[in-house]
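Undergrad: Take a look at this one; I'll ask things after.
None of the figures in this text is laboratory data; all of them are computed from the coordinates on show. This is a predicted model, so every value here is computed, not measured. Cβ coordinates were reconstructed from backbone atoms using ideal geometry, including for glycine residues, and neighbour counts include every protein chain displayed.
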Amino acid sequence: MACLFLALSLAAGSQPAIAAQATSKPLARHEVQPGESLFTIASRYNTRIEHIVEQNPQIDPDHLAIGQVLQVPRDTVIRQKSRAELAEHAAKVVYTQTGEPSNYIKMIPCKLTAYSNSYESTGKHPGDPGYGITASGRPAKEGYTIAVDPKIIPMHSIVYIPGIGVRYAEDTGGAVKGTHIDVFFEKDSLCRDFGVQQRNVYIIEEGPRES
């Protein structure tokens with residue numbers, strides 16, 4: 001489940017891409033301007049929020065000071081699939097008579113729960129930094145977004161969940177550990193009705209693991 005500013009990746013969101021090694025990348029000197037956040041700065045330099053924080057441990061990620069100078073890694077991420085590409089990929093999945101994908105990398109028995117953008121799920125209100133933004137940097141979207149433990153299911157993996165459909169691993173959360181998947185829904189009522197379920201989840205395409 002998405003919670004507060006966990007691991008810095010959910011709160012203001014990592015950028016929409018797959019991480020490469022940050023420490024070996026060149027650093028840019030950036031002076032914080034009015035209205036900027038770590039999310040906008042990270043987007044500008046094609047990096048991730050946690051990579052900026054690693055280089056600037058003294059900062060308060062939620063309260064940047066205008067004029068504050070940051071050392072920002074450049075180009076620490078590579079491109080991920082667009083949602084249009086994901087929808088196209090999902091449409092091409094072929095299923096067997098038993099409902100399993102005909103081709104998949106692995107099957108993992110998982111515990112499933114559900115979350116939304118609500119304060120109960122994320123600890124954030126509309127207007128708060130990072131509200132509604134996933135660890136991939138994209139807005140959470142029903143029909144696409146699931147939160148995973150990247151140690152088990154790498155970020156940016158394409159998975160099939162029986163009874164739910166094809167989803168994309170683009171979020172993380174402090175309560176999402178091990179073989180636990182949090183499925184995003186827009187409405188809190190759907191999250192409550194979903195409860196806790198057990199399903200076999202199929203990894204159709206595995207995202208690159210971070211260096």
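Undergrad: Please list 3J(HN,Hα) in residue order for region 100-115, calculated via the Karplus relation 6.51 cos²θ - 1.76 cosθ + 1.60 where θ = phi - 60°; whole Hz, with x for glycine and proline.
TA: 7, x, 6, 10, 8, 7, 7, 10, 10, x, 10, 8, 10, 10, 9, 9
Undergrad: Follow-up question, since we're still on this one. Could you list, in their original order, any pairs among K92/K177; K111/K141; K81/K106; K111/K187; K81/K111 whose Cα atoms are separated by more than 24 Å?
TA: K92/K177; K81/K111
Undergrad: Can you give me the Cα centroid spacing of region 40-108 and region 125-163 in angstrom?
TA: The two parts, judged by their Cα centres, are 9 Å apart.
Undergrad: Can you compute the modelled spin-label distance between E120 and A65, with each label point 7 Å from Cα toward Cβ, in nm?
TA: 4.0 nm
Undergrad: Determine one quarter of the surface area of the Cα convex hull of the chain, which equals its mean projected area, and express it in nm² to one decimal.
TA: 11.6 nm²
Undergrad: Evaluate the relative contact order of region 51-169 (contact order divided by residue number), counting alpha-carbon pairs under 8 angstrom at least 6 apart; express in whole percent.
TA: Once normalised by length, the contact order is 16 percent.
Undergrad: Which whole-percent values make up P(r) of region 80-193 when all C-alpha to C-alpha distances are grouped in 10 Å steps starting at zero?
TA: Values per bin, smallest distances first: 13, 47, 33, 7, 1.
Undergrad: Once you put a point 7 Å from the Cα of I108 and another 7 Å from the Cα of A84, both along the Cβ direction, what distance in nm separates them?
TA: Using points 7 Å along Cα→Cβ, the separation is 3.0 nm.
Undergrad: Another one. In deg cm²/dmol, rounded to 500, what helix-only [θ] at 222 nm does the chain give when every DSSP H run of at least 4 residues adds -39500 (n - 2.57) and the total is split over its residues?
TA: -4000 deg cm²/dmol
Undergrad: Counting only C-alpha contacts under 8 Å and six or more residues apart, can you give the relative contact order of the chain as a whole percent?
TA: RCO, the chain: 29 percent.
Undergrad: Taking every Cα atom in region 146-211, find the radius of gyration and the maximum pairwise distance Dmax, and write them in Å.
TA: So, for region 146-211, Rg and Dmax equal 11.7, 39 Å respectively.
Undergrad: Order of I59, I146 from fewest to most other C-beta atoms within 10 Å?
TA: Least to most surrounded, the residues fall as I59, I146.
Undergrad: Rounded to whole Hz and in sequence order, give me ³J(HN,Hα) for region 71-76 from the Karplus expression 6.51 cos²θ - 1.76 cosθ + 1.60, θ = phi - 60°, writing x for Gly and Pro.
TA: So the Karplus estimates, Gly and Pro as x, are 9, 10, x, 9, 6, 9 Hz.
Undergrad: DSSP loop (so not H, G, I, E, B), at most 16 other Cβ within 10 Å: list which GluC sites (Glu not before Pro) in region 138-199 pass both filters.
TA: E142, E186
Undergrad: Taking amide H positions as placed 1.01 Å from N in the peptide plane, with prolines and chain starts having none, which residues 5 or more places from E170, or on another chain, fall under 5 Å of its amide H?
TA: Correct list: I146, H156.
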